[in-house]
1. Between ASP13 and GLU59, what length in nm is gained on full extension when 0.36 nm per residue of separation is reduced by their alpha carbon distance?
2. What is the distance in Å between the Cα centres of segment 178-206 and segment 23-39?
3. Given a cut-off of under 8 Å on Cα pairs at least six residues apart, what relative contact order in percent is computed for the chain?
4. Which is farthest toward the positive dipole end of segment 8-255 among ALA234, ILE114, GLN192, measuring Cα position about the Cα centre, with Cβ charges +1 (Lys, Arg) and -1 (Asp, Glu)?
5. Could you tally up the Lys pairs in the chain with alpha carbons closer than 21 Å? Skip any pair fewer than 8 positions apart unless they're on separate chains.
6. Where is the GNM fluctuation largest for the chain (alpha-carbon springs, 10 angstrom cutoff): LEU57, LEU131, LEU27?
7. Using mean Cβ contacts within 10 Å as the protection proxy, how do 111-121, 29-39 order, highest first?
Amino acid sequence: MNHPEPNITVNVDVTNPGQFFACCGLLELADRLWPGVEGWFGGGEFRISSEGTIGDLLEAVEEADLDQLDPDDDTASPMYLGGPFDLKLDWWQDGFAGGNRLKVWAGSMRSVRIARAMRAAMTRIPEPQWLLDYGTTVYDPDRGRKKVEPYYFDSRRGGNAQSIDIGFAPDSLKMTTHAFPAVEFLCLIGLQRFRPATTQQRRVFVYRTWSVPLPVPIAQVATMIKLASSPQPAYRFENAFRTDQRKHKSFLPATPLGES
């Protein structure tokens, strides 16, 4: 099958669920900017055939308003990404379709503040192809040098989130650590439409990649179920508790299921 020439290409580790759903978020935003785009995975990359470049997309994302829709709820308010995107984000309040089971942040974590900080850091990346591998200390764009911790969608952080993993508690020592801002922000976007399939195990999910160019509505389905058109490797991951209080969670690295 002859694939269209991609205008947008980013490197991706498909066993990192945060990176996978960040690719879905990238596809969502591209489709809202240039309706009718197609995306697919292949050769360690995620590719999008579109009318513009990743630079055009990041510029539009940076310029769009990002509003908190409930002024009385700093931790779980729905958000609205304006400009050309016109996208309401509220999947973490969706109990019917299971979006609330994918929520990783809790307590005093201010969701809109995190989103704005991750977006600001994401748009400064020097090499767009490495968008999902760009790690940096993220600061609040409205408060100078005030550090902002991520949601914990990226499994590179989630897999080493507990104090027992590293021998001490970084937060207690007020350490400055790297986050992967594009993964955190774009995963937040991607989960609005794209969801993993549930399993019989609580907080364990399965998603599938696809290797043929698909438009957004079909890619949404391909994420959850196997289509007949091409191989679709499946991956299982856990949204695990990362603190002793069993409130804050994180996406852990995914395990290939050995079927396609």
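Here, each number is a calculation from the coordinates, and none is a lab measurement. Keep in mind that this is a model prediction, so the values were computed, not measured. Glycine also receives a Cβ, built like all others from the backbone with ideal geometry; neighbour counts cover every protein chain displayed.
1. Numbers: separation 46, 0.36 × 46 = 16.56 nm, distance 2.44 nm.
The ASP13-GLU59 span can extend by a further 14.1 nm.
2. Segment 178-206 and segment 23-39 have Cα centres separated by 17 Å.
3. For the chain, the relative contact order is 24 percent.
4. Working it through, the farthest residue towards the positive pole turns out to be ALA234.
5. Values: LYS88/LYS103; LYS103/LYS247; LYS103/LYS249; LYS146/LYS174; LYS147/LYS174; LYS147/LYS249; LYS174/LYS247; LYS174/LYS249.
Value for the chain: 8.
6. Among LEU57, LEU131, LEU27, the largest mean-square fluctuation in the Gaussian network model of the chain belongs to LEU57.
7. 111-121, 29-39
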